[in-house]
Every structure is written in structure tokens, then in C-alpha cells.
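A.B. asks: The structure follows.
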Amino acid sequence: MPNYEDYLEHFFKNTETSIREGKGQELSDNLTHISELIQELIDKEPVSEAQFRSNYNFCKRRYTRLYNHALDNGADEDLRKTIINSISAIAHFAWQSNDLEAFEELLNALTNCYVSSYPQPGFDDAMVVFFERYNTLQFGAIQNFKNVDNANELAKSRGIVDLLLRNYREIWRRSVEYECEESIKRIHSNLEDIREFEQAQYSPIAVPEDEYDQDFIEAKQDLANTFRKRIQIQKFAGYCWAYNLYVKEVYSDESFIKGILDQHAEKSFSSIESLSETYFDIQSILGEVPYWDNWETNRQLQNSLGTIVTSMGSNSWIPSFYLCFSLYLFDEDTQEKLSNTTPEELPIPVDRELRAELNNLKEQVEGFKNDYPLDFLINEEANIDKRIEKLSEVLNRAHSHAETQAIIRVREHGIDPRYIQSWQQKINDQFDNSCMLRQALKEINLLQTKRFPPDIDGVKIAAIYPHKRSFVPEEGVSKPVTSNFQIIWNKYNEYVLSRLTLEEYSVESLNELMDRLEEQVKKQSTSVILLGTGEYRRRLSDDDRLTHGGDLPGSYYSFLDTPILSEPTDTYAALLLFENESRGVEYVDEDGQALDISATPGEEIDMSDFPTKPLESVPYMQAPHDRVELDIRLRGFIQSNSLDGVLYRMPSQNLD
């Protein structure tokens with residue numbers, strides 16, 4: 001196989017010489033040789049996937065370098081138009097041949113020509129040709145999409161259109177940064193020519209069902225809808241980017257942004273409905289990270305050789321423009337129109353999945369009271385504060401309705417077993433790490449662990465009532481288990497202490513407690529002392545009888561050589577445990593879990609006090625439906641055979 005890159009390099013070098021010498025015909029001849037070589041590559045049947053990718057990438061780099069060479073040497077418009085025509089012609093051949101890799105690299109090369117043309121002076125005939133050739137490629141690709149009649153051809157056509165739109169977004173970005181009004185005008189002209197992505201464009205009319213493929217027609221129309229929305233999103237992103245640069249005072253004055261918004265944005269988004277539709281389409285169409293997220297960073301990198309400091313990403317300037325332009329569109333007629341509408345009739349979507357976004361917008365719109373960047377668009381008689389107030393009311397109504405719908409859905413939704421498993425795992429993990437009484441019983445061999453029989457039910461030790469929302473899946477909402485389970489450990493302590501044989505005493509002060517502990521330790525061999533945390537531990541740490549270190553895991557102090565464990569509890573002030581003949585067993589499952597968790601919806605527990613009125617009218621957390629009862633059961637028992645220890649209680653106020 002011939003070494004195409006060597007041949008291509010030879011002719012590319014010849015083209016550079018032709019440019020330096022100003023020989024237009026020689027440039028055309030050499031570009032023709034380059035085109036023939038690339039066509040030969042495209043026509044070849046690849047032996048392996050991406051066999052010629054490096055060759056096409058080489059062509060992109062050399063075409064870009066060639067165009068830059070023309071700019072650096074002050075080549076006239078005719079020479080630059082010759083290069084643009086050559087690239088677009090071979091790109092056209094690539095898409096006609098369904099060679100997506102070749103088309104991508106050549107289209108990138110064509111886009112690079114536009115990017116490189118600035119900051120060269122003005123918008124000249126070479127750029128006119130650039131947009132004309134782009135429109136020619138666009139027309140052919142869109143017509144191909146319109147004519148495809150099977151799934152395989154549709155997939156190929158999708159790739160071609162996708163590449164065109166991806167390159168358009170770079171042209172959008174650069175034309176805004178270059179403040180090139182003519183480029184903005186040409187982009188709109190090109191994109192407004194497209195009619196093949198309109199709604200219901202491919203719905204068969206008066207055609208018998210057996211004469212067309214319904215699945216294919218639906219897939220083609222869905223794809224057309226996506227492309228149509230992507231074009232609208234590109235326009236929106238372009239306006240947002242211009243707004244961002246204006247607000248950051250990158251532009252010398254307001255003339256460019258005013259022209260974009262006056263002449264184009266208002267035509268593209270003539271109402272809050274159309275603006276909102278596109279704004280809320282962004283995530284569903286583009287996914288989590290939109291393509292403009294790094295535009296600000298890239299802009300600063302291109303304009304600075306030192307350290308760059310960027311402000312917040314597009315999550316600030318995208319919604320800021322949406323609200324700012326909404327206020328411009330929110331004139332008195334629109335305000336009057338929306339004054340008596342139902343939530344479903346609002347121009348802003350009220351889907352429950354959008355409640356967080358709606359709440360953020362509601363909070364942000366208030367920030368324009370003291371600084372409205374687009375005041376040059378609004379006539380002097382307009383009251384911007386009133387517009388802010390009315391738009392805030394609309395956003396609040398939309399958010400309230402979305403929140404209500406989310407609440408109703410949660411109330412009506414079943415409990416998802418996956419979340420019960422998560423809670424069971426979390427509770428058992430904390431049970432293993434946080435319950436010091438349980439650890440103490442294990443350390444003195446009073447409590448042993450065994451695999452449980454399959455029919456064991458266990459004993460109920462506690463019930464907690466978390467929000468039901470934590471057990472219902474919601475799109476885009478994580479469900480971490482964040483509750484404090486101290487109430488469970490307290491109930492466990494109460495259960496265990498009720499099963500042990502203990503001597504119980506009350507003391508009136510910390511000093512008395514310490515003296516009684518000393519008496520008891522000296523009186524009978526003690527395996528471990530448990531102390532409540534908080535003020536008890538802080539005050540006792542100053543006592544001379546406490547020393548650092550203990551011979552049990554988690555024990556950091558000893559009292560007269562007896563290890564101390566601490567836990568936050570109201571069950572006791574101090575507990576001394578002895579090693580004796582009492583025995584207990586914990587039955588654990590295959591995951592080592594001793595606690596079993598079951599869940600019951602709140603409305604299935606007790607509805608006696610619930611008022612007889614529509615559920616949707618009951619505020620959140622005031623209906624049984626808003627909570628879940630988690631039943632906590634311990635699989636095990638404790639059998640006391642002798643005195644197990646001594647327990648001391650002390651009023652919490654008697655700490656002196």
C-alpha cells in the first residue's frame with residue numbers, strides 16, 4: 001500500500017510554496033492532487049476499523065496549517081477561498097461515500113479555517129464562501145436525512161448531521177467571541193433554512209398502516225425532534241455566551257449584545273414559553289455536562305499565559321441569561337395573561353423532577369432588583385421591579401405545584417426494597433461500631449455470635465419513623481442514609497439491661513460516683529466500666545484515678561486498671577460488668593447482621609387521627625403517608641445466671 005502521508009505531504013508543501021509566490025493556478029492544481037489522494041483513501045475498502053483514521057487526521061492538520069500559512073503570508077481572499085472550496089468539496093465527497101471518519105476530520109479542518117481567520121480584519125469574501133460551503137454541506141446532509149427509508153441509512157445520516165451540529169456550536173462560540181455580527185447573521189440564515197426537523201414532519205398522512213414501517217417512522221421523527229431541539233439549544237447557548245461576555249465586560253460596549261438580542265434572540269424566543277421549553281430541554285437533550293461548560297476556561301487559556309482564575313461555570317451564566325431575558329419578555333400583556341392561569345397553564349414547566357431547579361430560579365430572580373444587565377432593551381416606562389415580582393410569583397407557583405406533585409407521588413408510591421436493604425446495612429454497620437455496651441458484652445464473653453436458624457423472628461427492640469421520601473426512587477435525587485440512630489442504641493441498651501441481673505444505685509454527684517466506682521472495683525473484680533459520654537467523661541477525665549490507655553479495643557482510659565468504654569446514652573451514668581456464667585447469643589445472617597429491619601407505610605399503621613379531606617390538601621409531613629415505620633428486631637437472647645454488674649444513675653443536673 002502506498003504511503004499516502006508522504007504523497008500528501010509532498011503536495012501540501014507545494015501548496016505552501018504556491019501561496020508564498022502568489023500563484024493561484026499552481027495552488028489549485030496541487031489541491032486537486034491532494035483531493036484525488038484523499039478520494040482514493042475514501043474509496044478503499046478498509047481492512048480493519050479506523051485503518052485510515054491517522055491519514056484523515058493528518059489531512060485535517062495539514063489543511064489547517066495550510067490555511068494558517070495563507071493568513072500568515074497575507075494571501076488574498078481568492079487564495080483562501082480556493083483552500084476553503086477544496087476542503088468542502090472533499091468533505092462533500094466523504095459524506096456521500098458514508099465515510100464518517102473522513103467527513104469528521106475534513107469538517108473539523110473547515111471549521112478551523114473559520115477559527116483561524118480572526119483576529120484577522122473583518123468579515124471578507126473568504127468568510128462568505130465559508131458559510132456558503134457549509135450551507136451546501138448542510139443541505140446535502142439534511143436532504144439525505146429526509147430521504148432515508150431504513151434504519152441502517154438513518155443511523156449513518158444521524159452521524160453526519162450530528163457532526164455538522166457539533167461543528168456549528170464551535171462556530172457559534174467563536175463568532176460571539178469575535179463580535180462578528182455578519183457571522184451571527186450567516187449562522188441564523190443557514191439554520192433557519194432547515195425544515196426537515198419540524199414536528200410531525202414524517203408522520204404518514206392518509207397512508208394505510210401496512211404500507212409503512214411504524215417503528216422506523218417513529219424513530220426518524222424522534223431523531224428529527226432531537227435535532228430541532230439541539231438547534232434551538234445552540235442558539236440559546238450562543239445568546240447566553242454573548243450575555244456572559246457582556247456581563248464580564250469583555251465587550252467594549254453594548255452594541256454587539258444589543259444587536260444579537262434585538263435581531264435574533266427575540267425572533268428565536270419570542271415568548272417565555274419558547275424560551276423555557278429550550279432552557280428546560282438542555283439536560284434531557286445534552287445530558288449532565290453540556291458542551292459549553294468549559295468555554296470560559298478555554299477563553300481565558302487562549303488569552304493568558306499565566307494562571308487563570310475562572311468564576312462559576314455555566315451553572316451560573318446560563319440560568320442568569322434565562323431569567324434576565326425572561327424579564328425582558330415579561331411585559332404587562334404577558335403578566336395579565338398569566339394572572340389567572342392554573343399551574344399547568346404556566347409558561348414554565350411544573351414537573352416534579354424540576355422542583356429543585358425551579359426553587360433555584362425563584363431565589364436567583366430576586367438578585368436582579370439592584371442590577372438588571374439588559375436594561376438597555378427595556379423602554380424607560382417599564383417597571384423592572386414589578387416584572388421581577390411577577391416573575392417570582394410565577395416561579396413560586398410552578399415550584400409549589402412541582403413540590404406538591406412530588407409529595408403526592410411519594411405518598412402513592414410503594415416502598416422500594418432496595419432502600420430498605422440500604423438502611424439495614426447502615427444500621428447494622430453503626431450497630432457494630434457505635435454500641436459500646438454490645439462490644440463490652442462480647443469482650444467479657446457474655447455475648448457470642450452464631451449463624452441464625454432460618455425460622456427465627458427476633459425480638460422487637462425499637463421502631464423509628466423516617467420520611468417515606470427516603471424509600472421512594474426519584475430521578476436525579478440520591479438517597480443516602482443520614483439519620484442518627486442513637487434512639488436504637490438506647491432501646492437496645494434498655495433491652496439488654498432488662499435481661500441482666502444488676503444492682504442499681506443512684507448517686508447525687510460526680511464525686512460520689514467516682515468514690516462508689518472505686519469501692520466497687522476494689523470490692524469485686526470488674527472486667528469493664530461503661531461511662532456515658534458528654535459532661536460525665538469531660539469532668540471525670542480530671543480525676544487522678546483515671547489513666548490513659550486500656551486493654552480493650554476502643555478503650556482510651558482505665559479506672560484503677562479497669563478499662564473504660566464510653567457511649568452517648570441516657571440509660572446509665574456508669575455501668576460495671578463482671579465476668580460470670582451468664583450467657584447470650586446473637587444470631588447473624590450471611591452478611592454478619594444481627595438486626596433485622598422491616599418497613600411498613602405510615603398509612604397502614606394508624607389512620608384514626610387523620611382528617612377526612614383530600615390527601616393533596618394536607619401539608620407535607622402532616623399525613624401518615626409521609627413516614628415509614630421501620631421495625632428493628634434483634635435476633636438473639638441473653639440468659640442471666642448470676643449477678644452481672646452494677647449500674648449507677650445520676651440526675652443530669654448534679655454534675656458538681
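A.B. asks: Under 8 Å between Cβ atoms, at least 6 apart or on separate chains: pull out the pairs that start in the stretch 467-481 with a residue that is among the β-branched types (Val, Ile, Thr) and end on any residue that is open to solvent by 60 Å² or more (accessible area, probe 1.4 Å) and assigned to a loop (DSSP other than H, G, I, E, B).
C.D. replies: Val472/His413
Residue-wise test of (1) open to solvent by 50 Å² or more (accessible area, probe 1.4 Å); (2) modelled with pLDDT of 90 or more; (3) in contact with a helix residue (DSSP H, G or I) (Cβ under 9 Å, 6 or more places away or on another chain).
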site: Ile187; (1), (2), (3): no, yes, yes
site: Arg195; (1), (2), (3): yes, no, yes
site: Gln201; (1), (2), (3): yes, no, yes
site: Ala206; (1), (2), (3): yes, no, no
site: Asp222; (1), (2), (3): yes, yes, no
site: Arg228; (1), (2), (3): yes, yes, no
site: Tyr239; (1), (2), (3): no, yes, yes
site: Ala242; (1), (2), (3): no, yes, yes
site: Leu245; (1), (2), (3): no, yes, yes
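A.B. asks: Here are some residues: Ile378, Ile388, Ile444. Which one is closer than 30 Å to Ile632 by Cα and surrounded by 15 or more Cβ atoms within 10 Å (Cβ to Cβ)?
C.D. replies: Criteria check complete, one pass: Ile444.
A.B. asks: Right, next: Take the stretch 393-419 and flag every residue that is surrounded by fewer than 17 Cβ atoms within 10 Å (Cβ to Cβ) and either within 26 Å of Val618 (Cα to Cα) or of a type in the set (Ser, Thr, Tyr) (or both).
C.D. replies: Glu393, Asn396, Ser400, Ile408, Arg409, Glu412, His413, Gly414, Ile415, Asp416
A.B. asks: So Ile83 fits all but one of (1) open to solvent by 10 Å² or more (accessible area, probe 1.4 Å); (2) more than 20 Å from Asn190 (Cα to Cα); (3) part of a helix (DSSP H, G or I); what number is the exception?
C.D. replies: Going through the list (1) open to solvent by 10 Å² or more (accessible area, probe 1.4 Å); (2) more than 20 Å from Asn190 (Cα to Cα); (3) part of a helix (DSSP H, G or I), Ile83 breaks only (1).
A.B. asks: Looking at (1) closer than 23 Å to Leu447 by Cα; (2) surrounded by 15 or more Cβ atoms within 10 Å (Cβ to Cβ), find the lone condition where Asp570 falls short.
C.D. replies: Unmet for Asp570, out of (1) closer than 23 Å to Leu447 by Cα; (2) surrounded by 15 or more Cβ atoms within 10 Å (Cβ to Cβ): (2).
A.B. asks: With respect to Ile427, determine if the residue is touching a residue at least 12 places away in the same chain (Cβ under 8 Å), surrounded by 18 or more Cβ atoms within 10 Å (Cβ to Cβ) and β-branched (Val, Ile, Thr).
C.D. replies: Spelling it out, Ile427 is indeed touching a residue at least 12 places away in the same chain (Cβ under 8 Å), surrounded by 18 or more Cβ atoms within 10 Å (Cβ to Cβ) and β-branched (Val, Ile, Thr).
A.B. asks: Pairs needed: first member in the stretch 487-499, at negative phi; second member anywhere, aliphatic (A, V, I, L, M) and surrounded by fewer than 16 Cβ atoms within 10 Å (Cβ to Cβ); C-beta distance under 8 Å; at least 6 residues apart or different chains.
C.D. replies: Once the first residue is at negative phi and sits in the stretch 487-499, its partners that are aliphatic (A, V, I, L, M) and surrounded by fewer than 16 Cβ atoms within 10 Å (Cβ to Cβ) give Tyr495/Val459.
A.B. asks: While we're on this one: Return the total of residues in the stretch 439-457 being in contact with a Lys or Arg (Cβ under 8 Å, 6 or more places away or on another chain), at pLDDT below 85 and not β-branched (Val, Ile, Thr).
C.D. replies: Qualifying residue count, the stretch 439-457: 2.
A.B. asks: If you go through the stretch 553-574 one residue at a time, how many are free of Cβ contacts under 8 Å to residues at least 40 places away in the same chain and either among the acidic types (Asp, Glu) or assigned to a strand (DSSP E or B) (or both)?
C.D. replies: Matching residues across the stretch 553-574 total 5.
A.B. asks: Just to check your reading of the model, which residue among Asp609, Asp570, Asp551, Asp543 is under 18 Å from Val496 (Cα atoms) and modelled with pLDDT under 85?
C.D. replies: Sole residue among the options that is under 18 Å from Val496 (Cα atoms) and modelled with pLDDT under 85: Asp570.
A.B. asks: When both residues are 6+ apart or on different chains and their Cβ atoms are under 9 Å apart, which pairs have a first residue that lies in the stretch 510-525 and is at pLDDT below 95 and loosely packed, with under 13 Cβ neighbours inside 10 Å, and a second that is not in a loop (DSSP other than H, G, I, E, B) and not polar (S, T, N, Q)?
C.D. replies: Gln524/Leu576; Gln524/Val646
A.B. asks: Which residues, counting only those in the stretch 14-36, are open to solvent by 20 Å² or more (accessible area, probe 1.4 Å), closer than 20 Å to Phe93 by Cα and of a type outside the set (S, T, N, Q)?
C.D. replies: Passing the criteria: Asp29, His33, Glu36.
A.B. asks: Restricting attention to the stretch 177-185, does a residue exist that is part of a loop (DSSP other than H, G, I, E, B), at positive phi and among the acidic types (Asp, Glu)?
C.D. replies: The answer is yes; a qualifying residue exists.
A.B. asks: Pick from the stretch 620-656 the residues that are open to solvent by 60 Å² or more (accessible area, probe 1.4 Å) and modelled with pLDDT under 85: which of them is farthest from Tyr572 (Cα to Cα)?
C.D. replies: Selected residue: Tyr620.
A.B. asks: Also: Please go through the stretch 86-126 and give me each residue that is at pLDDT below 90, open to solvent by less than 40 Å² (accessible area, probe 1.4 Å) and either touching a Phe, Trp or Tyr at 6+ places or on another chain (Cβ under 6 Å) or in a helix (DSSP H, G or I) (or both), ordered by number.
C.D. replies: Tyr118, Ala126
A.B. asks: Within the stretch 391-427, which residues are of a type in the set (Gly, Ala, Ser) and part of a helix (DSSP H, G or I)?
C.D. replies: Within the stretch 391-427, Ser392, Ala398, Ser400, Ala402, Ala406, Ser422 meet the criteria.
A.B. asks: So, of the residues in the stretch 249-276 that are in contact (Cβ under 8 Å) with a residue 60 or more places away in the chain and more than 23 Å from Cys180 (Cβ to Cβ), which turns out to be surrounded by the most Cβ atoms within 10 Å (Cβ to Cβ)?
C.D. replies: Ile272
A.B. asks: Out of the residues in the stretch 622-642 that are of a type in the set (S, T, N, Q) and in a loop (DSSP other than H, G, I, E, B), which is farthest from Val496 (Cα to Cα)?
C.D. replies: Gln622
The values are calculated or read from the model by the stated rules, or taken from the named source; none is laboratory data. Here the structure is a predicted model, which is why all the values come from computation and not from measurement. Cβ coordinates were reconstructed from backbone atoms using ideal geometry, including for glycine residues, and neighbour counts include every protein chain displayed. Quick note on the areas: whole protein, heavy atoms, side chains included, nothing else; ligands and nucleic acids left out. Shrake-Rupley method; radii C 1.70, N 1.55, O 1.52, S 1.80 Å.
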